[in-house]
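The values are calculated or read from the model by the stated rules, or taken from the named source; none is laboratory data. Only a predicted model underlies this, so the values are computations on that prediction, with no experimental measurement involved. Quick reminder, even Gly has a Cβ in these numbers, built from the backbone with ideal geometry, and neighbours come from all protein chains shown. Just so you know, the surface numbers come from the protein's heavy atoms only, side chains and all, with ligands and any DNA or RNA stripped out. Shrake-Rupley method; radii C 1.70, N 1.55, O 1.52, S 1.80 Å.
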Amino acid sequence: METPPLDDKARKMRDLLSSFYSPHPSMSPNSPNTISKHTSSDDINSSSFQPDHYMNLMAHEMNLEGLLHKHVEMVTQIKNLDTDLQMLVYENYNKFICATDSIKRMKSNILGMEGNMEQLLDKIMFVQSRSDNVNTSLTESREHIEKLNKTCNLLRKIQFIYDLPDRLSKCIKAEAYADAVRFYTGAMPIFKAYGDSSFHDCKQASDEAISIVEEKLQEKLLSDSETTQVRAEAAILLKQLNHPVDNLKAKLLEKLENLLIDIQLIPEAVKTASSCSHEVAFHEFVEAIHAFQVIFPDSETQLVKLAQDLLNKNFLIVEEYVKTRICVEDLLAVLRVVWNDVLKMDEVLQESSLSDHSLEAAKVSVKLYVNTAFSYLMQDLSDSLLNVLKRDGVEDHSLKAALDASTKTLLQGGRNFLQDVRKILDDDLEILNKLRELISDWVQEGFQDFFKQLQLRFQLFSGRNDLAHIQNHSLVEGSQGDKAFPGLVLVLAQLYAFIDQTVIPQINKELAASFSGGVGGYEHGLHFVSRETSRKFRSASESFLHMYIKMRTQRISLLLKKRFTTPNWVKHKEPREVHMFVDLFLQELKDMGNEVKEILPHGMQKHHRVDSNGSSNLSLSRSNSIPDEILSRSNTQKGRSQQLFETHLAKLFKQKVEIFTKVEYTQESVIMTMVKLCLKSLQEFVRLQTFNRSGYQQIQLDIQFLRTPLKEIVEDEATMDFLLDEVGK
Amino acid sequence: MQAVSSGIGYGLKYQARCISDVKADTDHTSFLAGTLSLKEENEVHLIRLSSSGTELFCEGLFSHPNEIWDLVSCPFDQRIFSTVYSNGESYGAAIWQIPELYGELNSPQLERITSLETKSGKIKSILWWPTGRHDKLISINDESLCLWSLDVSKKTAQVQSQDSAGMLHKLSGGAWDPHDVNSVAATCESSLQFWDVRTMKKTLSIECSHVRSADYHPRKNNILVTAEHESGIRIWDLRKPKVPIQELPGHTHWTWIVKFNPEYDGIILSAGTDSTVNLWSASINHGELTTESQPESPARLVDPLLNTYSDYEDSIYGLTWSSREPWIFASLSYDGRVVVESVKPFISKK
């Protein structure tokens, strides 16, 4: 108990005290908060302690040794408690004595204080009244002094103002304009207040002097010979004099703008050696801008604007220039000049984002270049194609030529364009470096668009087919255009096939080789999708081919229709000669054959006939009398039913003839298809009529006559024979 | 023979152009076909599809004096039909009655109810009043259109009214509007023309060339399909006759005949001189008059051609749906072969 430190001891003391004074012993921190019922009675520390019960419990539960032990424990506890209590009582008493002592001392001290305080108050009052007296006596003289002082100042100022003109003129003489301006601005408030009354003369004189100063300063400012430093100072002084500096600024700007006109870009001149004059002029301009910037430091925005104007103008000129179909070297040269200018200007005007600006502009012009290149390509192509329609009697615009020209244009144009673009890409101009990815994107996009447009254009063209017929009739002389139109369609079909087979793969290859860049393209779907495009062209080409065949066969169909619906077949006379429709028919076929041969390639198969120009034999004289065979055939009319039965049987054993097969891009296939279609039509027309014997003979004669020349045109004789036989039935 | 082909064939012996569904026969699926032989005795075959649907047999065989160019079965009496015939020099038309059969098949003579004699022009086709028992008939010859009143019991027919087609138009065929019995469409070389039967006056004309065949949509008003030589198949809405609402490519050679299915919407059958029958599915948005959006709609991108039946030897001129079993059609090629096919596998897909 003695060993724990003081702190511990004090705490213990406090605990004890608090437990002693606390109203509810159970609340004391030492006692347990919750007491179960059966322990409450045997817990010594609780208030509900029952000694009898406790004793009973002890006596019952414990053995003697335990009880003895408990007893000893209990005795020591009681002793401890006693000492604690004693200690507390001493402590309390001690403190009480101390308190009484200090109270006694306080009482004696307070008694002497009051008298002293009153004395202090009196003394302070006395000091205050004295100081007031002194103050009042001195006020008068102080005011006087102040007044004198003011007057003195005023006099000095007036003196200064009266001296001002002289001083100014002195300054002018000494060219110390800065001092003059300083003096004048100092006197300014007074002049403002009293200038009209008392200091009128003085003000006038100094104003005159100052106006001289201003003139001098302006001269200085505007003269190019002075150093920029001097000019800048002059500008500042003028500004201090409230001189309208803006005017001057405007004047200077005008000067700059005049300079601008000198340095306007002339793209045509860039090629020639005279570009150095541009360089000189531009150098001057840059110098001037620099000077201006020094003189008017706050005018940067105006200068930037000026520079941007110049840039815009230049790029506009470039764009115009691009539109006039330039070659890529020229474009590069012009761009280089412009970019050099930009770099120079950027040196002077750091904050102007001129390079960004010009980058944008360059983007536009390069894109324009790409687009115009494509549109020229398109124009060339359609020019060479539409030549076919414009053949004015002269045969030099033949279909073949048109096809050749257009394919050449397309292929050559595409290749040249790609080469040009590659040149742009290879160029090390900084501005173009930044655009590289964009350019390759544009190129891809451009090709995509180009082909799309190409397709649309001619599809529209063919869609107006019927309209075009009418227009051609009115615009081009009569049947000329009418005749040429199917040819054009055929050319288109072949051209499209060519695009599909040759141009697109080639372009694709080149694109892949040199324009693999372009990141953003895929997301926008702008890339050149070769597969899709080529599929489109293939189908378009097929439809053109079909259209051609249809248009051609329509004409023949019309011919046949006229032939078979007009005469009265029942009253037909004995056939004398081959009807002229056969000639017309063959003529049409010959035309078709010529067209097709001009345009379409040969098939893989070898021609049966030696003569490739079999059509020349078509103009056989028809003076030949009717072949005997036909006559003998027509005699077999009686056995018609027999014959019908036989042919039925024969048909059963013959392989079924596929009349309508797929058309291929070969002369033979196309001609064959057309002949087949025509013969089929012929057959149908024949079936729609009822003939008498003579009529029938006439038809047989015609057919027989057709047979020979057709054999020379057509490759697949079996099908043709079949069709002709069919007609004969 | 193609694997897809499920057709049931029947031979007519002679060349033939026309086949007609016997609408009035509600117990069987039957067709009437007429032959076109110049020299021989022509025949009219009454063909019936066996109840199992696997066999075609001849129910009746009747001789007909001339080449039959058109044959239509009467919509209310299965024993009556009309033909247009030609004896080589001139054309004529008649209404016939099939005699009572009593089980014998040896070419009994047909009973001629009456002839429809017109003074001028080659008669081209006969149209019956579209549905039900009615005594009206229309005959179309190449110069004019006649409305007849038929009395079967008295065996007479009288012209009620007629109108000339005009000098430049040669009529070739036509169709009677099933929705508006006062309207008849007639095809001619350069246009499709419409008559009002009550006044016998032309009401409307659609410009299109070489129309071979026309058919009204059996369920929807104002929808008409035409077959043309060059432009294939076109579907028209008569409320806006300027442009067709849909075009189908048609056939490689002429498209000869085109028919709407009587039951299934948008199912169209066409036959042509390229020896094929094509089954189409057209999307007809009835009542929706905005055509602008249509070309973009994805439905258009679906191939409208459902199937091509190519198991024929010659051009097909005759084609008809069965009205009793609307998934069955009969086609007749020039070599006299009747083929009955079912389109069920293609319709059930829809």
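Remarks
- Listed conditions (1) open to solvent by less than 10 Å² (accessible area, probe 1.4 Å); (2) of a type outside the set (Phe, Trp, Tyr); (3) within 14 Å of chain A (Cβ to nearest Cβ); (4) without any contact (Cβ under 8 Å) to a residue 40 or more places away in the chain are all met by B:Thr255, apart from (4).
- The one condition in (1) farther than 30 Å from A:Lys203 by Cα; (2) in the same structural domain as A:Ile190 (by TED's automatic domain parsing); (3) of a type outside the set (Phe, Trp, Tyr) that A:Glu146 fails to fulfil: (1)
- Of the residues making up region B:335-344, those that are basic (Lys, Arg) and in a strand (DSSP E or B) number 1.
- Residue in region B:216-226 that is more than 14 Å from every other protein chain (Cβ to nearest Cβ), crowded, with 19+ Cβ neighbours inside 10 Å, in a loop (DSSP other than H, G, I, E, B) and in contact (Cβ under 8 Å) with a residue 12 or more places away in the chain present: yes
- Check on A:Val245, modelled with pLDDT under 70, at negative phi and open to solvent by less than 40 Å² (accessible area, probe 1.4 Å): yes
A quick yes/no check of all residues on (1) open to solvent by 30 Å² or more (accessible area, probe 1.4 Å); (2) in contact (Cβ under 8 Å) with a residue 60 or more places away in the chain; (3) farther than 14 Å from B:Ile113 by Cβ; (4) within 14 Å of chain A (Cβ to nearest Cβ):
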site: B:Glu55; (1), (2), (3), (4): yes, no, yes, no
site: B:Gly60; (1), (2), (3), (4): no, no, yes, no
site: B:Glu67; (1), (2), (3), (4): no, no, yes, yes
site: B:Phe81; (1), (2), (3), (4): no, yes, no, no
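- Qualifying positions in region B:259-276 - open to solvent by less than 10 Å² (accessible area, probe 1.4 Å), within 14 Å of chain A (Cβ to nearest Cβ) and among the hydroxyl-bearing types (Ser, Thr, Tyr): B:Thr273
- Of everything in region B:34-53 that is within 21 Å of the chain's Cα centre (by Cα) and of a type in the set (S, T, N, Q), the residue that is surrounded by the most Cβ atoms within 10 Å (Cβ to Cβ) is B:Thr35.
- Close pairs from region A:55-67: first assigned by TED's automatic domain parsing to the domain that holds A:Ile44, partner surrounded by 12 or more Cβ atoms within 10 Å (Cβ to Cβ) and modelled with pLDDT of 85 or more, Cβ under 9 Å, at least 6 apart: A:Met58/A:Leu67; A:Met58/A:Lys70; A:Ala59/A:Leu67; A:Met62/A:His69; A:Met62/A:Lys70
- Residues (open to solvent by less than 30 Å² (accessible area, probe 1.4 Å), within 12 Å of chain A (Cβ to nearest Cβ) and touching a residue at least 24 places away in the same chain (Cβ under 8 Å)) located in region B:229-249: B:His229
- Selection of region A:673-689 for residues being within 8 Å of chain B (Cβ to nearest Cβ) and within 15 Å of A:Gln554 (Cβ to Cβ) yields A:Leu677, A:Lys680, A:Ser681, A:Glu684.
- Matching residues, region B:312-334, being in a loop (DSSP other than H, G, I, E, B), in contact (Cβ under 8 Å) with a residue 40 or more places away in the chain and either of a type in the set (S, T, N, Q) or surrounded by fewer than 21 Cβ atoms within 10 Å (Cβ to Cβ) (or both): B:Ser315, B:Ser322, B:Ser323, B:Arg324, B:Glu325, B:Pro326, B:Trp327
- Only one of the listed residues (A:Leu154, A:Leu164) is among the aliphatic types (A, V, I, L, M) and open to solvent by 60 Å² or more (accessible area, probe 1.4 Å). That residue is A:Leu154.
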